[in-house]
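Colleague: Let me begin by handing over the structure; questions about it come next.
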Amino acid sequence: MRLALLSVIAFLISLVIGETVLRVWLPQNLSGTWREADLHGLFVNKANWETEHQNGKRLIRYRFNSEHLRGKALEPGSYKVLFLGDSFTFGWLLEEQDTLTEQIQRDINQCLFQHDIQVLNGGAGGWGLASAVAFYELYDSTIEPEAVVFLINFDDLSRSLNSRVYVLGDVGVLKLSPNPNKFSIKKIINSIPGYQFLLRNAHILQLVRQSYIRFRYRKKFAELKGPKAAEDRSDDINGINGKKIKFGLALIQRAIDLSKERGQKIVFATTGFHALLKNENLEKKFLVVVGKLLKLKGVPWYDLTQTFGQDLKKDYASYTIVGDGHPNENGVAKMVRQLKLAGLYRAILPEGLLKTCPAIDQVSRGDPFG
């Protein structure tokens with residue numbers, strides 16, 4: 001008994017010493033968590049939640065409403081525009097006022113303030129196109145937007161395949177998977193009482209957590225370098241890559257079909273970051289096919305690869321967060337500007353409304369199928 005007590009005391013002293021050493025010589029980023037697996041296995045932002053996200057000197061506070069969206073509560077009776085995408089849409093390491101949706105909201109409010117228009121942030125870190133479409137399918141009935149915008153990023157296709165949110169049947173029909181993340185380790189750990197408090201205060205816990213995350217991603221990267229990766233580089237449309245593209249197109253079609261059923265406007269756009277990929281990259285080839293499909297369907301498509309993407313290639317550091325790679329405040333502002341010039345506002349706002357706002361109407365005249 002005495003030996004066990006001494007062991008516990010020695011362990012606690014070791015923890016205190018370790019914590020002190022880390023705080024002084026190797027301080028960790030003290031960030032909470034804000035994602036959880038829902039009943040369908042889809043990782044969503046926690047509802048009615050607030051937390052902090054730290055990266056060096058950047059300390060950002062996130063808040064989420066009852067519909068798992070970042071920002072304030074829904075405004076009853078408003079004309080809602082829902083943006084869906086990954087961490088770029090979410091505003092990773094950005095204050096709420098600097099996110100893409102908030103910048104668009106302020107832009108619209110400049111001369112349409114008398115109209116009740118709400119731009120909603122449905123982005124979530126780690127999502128691919130499949131997760132965004134699944135969220136639209138599962139949560140639209142409680143949000144009820146008049147328009148929805150899918151913002152495609154440079155690894156959406158790969159993430160969609162890895163997420164297992166949807167499966168593609170033999171006849172090309174998508175089906176929601178039966179809760180692929182039911183027994184998630186993340187879900188179990190997040191439910192431990194006091195875990196969030198320790199994350200925001202204990203450097204030693206953050207060190208262990210980040211070490212595990214790095215190990216997990218190294219393992220995934222190693223798997224991608226195996227025989228399957230070599231097989232994936234094939235350009236055979238009937239091979240692995242052909243199946244991946246067909247899966248991505250099925251997701252696009254699923255979103256279009258849902259919008260028609262619900263009588264909602266639907267728009268697709270890109271972040272522009274595909275410009276950093278090589279031309280033979282599958283994600284970049286996917287954009288070409290998506291553009292052709294959307295033009296055929298008459299769905300607005302705004303690809304920033306040749307606009308913001310080219311500026312990004314010339315001056316990457318000016319538009320991204322140092323040491324992180326996500327768009328900074330300038331990068332998001334540039335994306336918003338290019339989307340406006342391309343004609344996004346004409347596609348998402350009520351017809352004829354922009355005529356009352358010349359400041360926006362005169363510059364928002366791009367070709368949605370160009």
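Colleague: Amide H of Gly71 versus every other amide H placed in the peptide plane: which residues, excluding those fewer than 5 positions away on the same chain, fall under 5 Å?
Modeller: Residues meeting the amide H criterion: Arg63, Phe64, Asn65.
Colleague: Next question, about the same structure. Would you mind ranking Trp92, Trp25, Trp301 so that the residue whose beta carbon has the fewest other beta carbons within 10 Å leads the list?
Modeller: Listed from fewest to most nearby Cβ atoms, that is Trp25, Trp92, Trp301.
Colleague: Running Debye on the range 266-323 with equal point scatterers at the Cα sites and no solvent, what base-10 log of I(q)/I(0) appears at q = 0.18, 0.24 Å⁻¹?
Modeller: Each listed q maps to, in turn, -0.65, -0.96.
Colleague: For the chain, what is one quarter of the convex hull surface built on the Cα atoms, given in nm²?
Modeller: Averaged projected area of the chain's Cα convex hull equals 21.8 nm².
Colleague: Relative to the first principal axis of the alpha-carbon coordinates of the chain, what is the inclination of helix 282-297, with its axis defined by its Cα atoms, in degrees from 0 to 90 and to the nearest 10?
Modeller: 40
Colleague: Right, next: Could you estimate the translational diffusion coefficient of the range 1-154 from the Stokes-Einstein equation, with Rh from the Kirkwood formula over C-alpha pairs, at 20 °C and 1.002 mPa s, in whole µm²/s?
Modeller: D = 120 µm²/s.
Colleague: Something else: Sum -39500 (n - 2.57) across every DSSP H segment of at least 4 residues in the chain, then divide by the residue count to get the 222 nm mean residue ellipticity, nearest 500.
Modeller: Computed ellipticity for the chain at 222 nm equals -14500 deg cm²/dmol.
Colleague: Percent antiparallel among DSSP beta bridges with both residues in the range 1-135, to the nearest 5?
Modeller: Antiparallel bridges make up about 65 percent of those DSSP assigns within the range 1-135.
Colleague: Could you line up Phe90, Phe154, Phe197 from fewest to most neighbouring Cβ atoms inside 10 Å?
Modeller: So the residues, fewest neighbours to most, are Phe197, Phe154, Phe90.
Colleague: Output the 0 to 90 degree angle, nearest 10, between the alpha-carbon long axis of helix 2-25 and the longest principal axis computed from the alpha carbons of the chain.
Modeller: Approximately 50 degrees, to the nearest 10.
Colleague: Let me ask you something else. Expressed in whole Å with the largest first, what are the equivalent ellipsoid semi-axes of the range 2-76 derived from the C-alpha gyration tensor as the square root of 5 times each eigenvalue?
Modeller: One finds semi-axes of 38, 19, 9 Å for the range 2-76.
Colleague: Where does each of Thr142, Thr305 land when they are ranked from fewest to most other beta-carbon atoms within 10 angstrom?
Modeller: Fewest-to-most Cβ neighbours within 10 Å comes out as Thr142, Thr305.
Colleague: So, by mean Cβ neighbours within 10 angstrom, what's the order for 246-253, 11-18 with the highest one leading?
Modeller: 246-253, 11-18
Only the coordinates and a few stated rules stand behind these numbers; no lab work does. Source: prediction; values computed, not measured. Methodologically, a virtual Cβ is constructed for each residue, glycine included, from the backbone with ideal geometry; neighbour enumeration extends over all protein chains shown.
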